[in-house]
1. Name, by its number, the condition in (1) among the polar types (S, T, N, Q); (2) more than 30 Å from Ile73 (Cα to Cα); (3) out of contact with any Ser or Thr (no Cβ under 9 Å at 6 or more places or on another chain); (4) modelled with pLDDT under 90 that does not hold for Thr182.
2. How many residues does segment 139-162 hold that are among the polar types (S, T, N, Q) and at pLDDT 90 or above?
3. Just for segment 206-219: of the residues that are surrounded by fewer than 17 Cβ atoms within 10 Å (Cβ to Cβ) and either on the phi > 0 side of the Ramachandran plot or assigned to a strand (DSSP E or B) (or both), which one is modelled with the lowest pLDDT?
4. How do the pairs read when you match residues in segment 177-200 that are in the same structural domain as Thr212 (by TED's automatic domain parsing) with residues anywhere that are surrounded by 18 or more Cβ atoms within 10 Å (Cβ to Cβ) and of a type in the set (S, T, N, Q), using Cβ under 8 Å and keeping only pairs 6 or more apart or on different chains?
5. If you check Val169 against the conditions, is it in contact with a Leu (Cβ under 8 Å, 6 or more places away or on another chain), of a type outside the set (D, E, K, R) and modelled with pLDDT of 90 or more?
6. Could you please find all residues in segment 169-205 being farther than 23 Å from Lys135 by Cβ and either touching a helix residue (DSSP H, G or I) at 6+ places or on another chain (Cβ under 6 Å) or not in a strand (DSSP E or B) (or both)?
7. If we keep just the residues of segment 103-129 that are touching a Lys or Arg at 6+ places or on another chain (Cβ under 8 Å), of a type in the set (S, T, N, Q) and modelled with pLDDT of 80 or more, which is surrounded by the most Cβ atoms within 10 Å (Cβ to Cβ)?
Amino acid sequence: MFYVTTKTTKYTETIAEPIPGINESYKSARTIALNKSYSGLVATNNGSKIDENDFYRFRISYDTNISIKTSAISGLKGCNYYVYSSSSVVNNTAIASGIIGTSLNMNLNKGTYYINITDYSQPYKGGRYSLNIVKGPKLVVPAATPARLKWGGIPGADSYEIWRSTDNVTFKRFKTVSSSVTHYKLNIAANTTYYFKVRYIDGNLKSPWSDTYKVTRAA
């Protein structure tokens, strides 16, 4: 981490970035991991715009739901973030956007994505923010054992919640298991169809949902 002075205040960013910033465009975007919190800064110095954009790159290794969680730590009364795919970023065409201090839920396919955080306030003031891009668990259901629900473990998870539905619309929590458990045997009654989905819990953080898995047992 490093320190940078913004007017009379010292801040520290998770990823070292000299001033003027080097991640001012997608070509110099800094790579970040999912399920990890980062703090950053869009800054001003002596009233001049310096480091007004932060670009980050992240990789989705499987089709999944994600949640982009942001907060304004200080300043940033007007600050947006924009999400781009690896192709849309070239043409500066965002596939989604939000305001710092809000969360955004999306379904993304496997691939590389970018997020741009920029201050649009007038007058430009700068400030500090936090960013965490959280992904849902990946369901892994072997065809040979359709009545066993299995998912990829998430480092740092405290527990997993399994939710169940009979109509794929209204879900209720069915089971909570510890972080060391990544599978669950399903006892399905005859002539019954259930839908299951999984999310993980990390402290007060609840991840996006996994994909939904349908299980039917004939008579």
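The values are calculated or read from the model by the stated rules, or taken from the named source; none is laboratory data. The shown structure was predicted, so the numbers you read here are calculated from the model rather than taken from an experiment. In this analysis, Cβ positions are derived from the backbone assuming ideal geometry, glycine residues included, and neighbour counts consider all displayed protein chains.
1. It is condition (4) that Thr182 fails.
2. Going through segment 139-162, the residues among the polar types (S, T, N, Q) turn out to be 145, 159.
With at pLDDT 90 or above added as a condition, the list becomes 159.
The total comes to 1.
3. Arg217
4. Lys197/Ser210; Val198/Ser210; Arg199/Ser207; Arg199/Ser210; Tyr200/Ser207
5. Numbers: in contact with a Leu (Cβ under 8 Å, 6 or more places away or on another chain): no; of a type outside the set (D, E, K, R): yes; modelled with pLDDT of 90 or more: yes.
Here the answer is no, as Val169 does not meet what is asked.
6. Taking segment 169-205 as the starting set, the residues that turn out to be farther than 23 Å from Lys135 by Cβ are 169-170, 172, 185-194.
Once the filter is applied, which keeps residues that are farther than 23 Å from Lys135 by Cβ and either touching a helix residue (DSSP H, G or I) at 6+ places or on another chain (Cβ under 6 Å) or not in a strand (DSSP E or B) (or both), segment 169-205 yields Val169, Thr170, Leu186, Asn187, Ile188, Ala189, Ala190, Asn191.
7. Out of the qualifying residues, it is Thr112.
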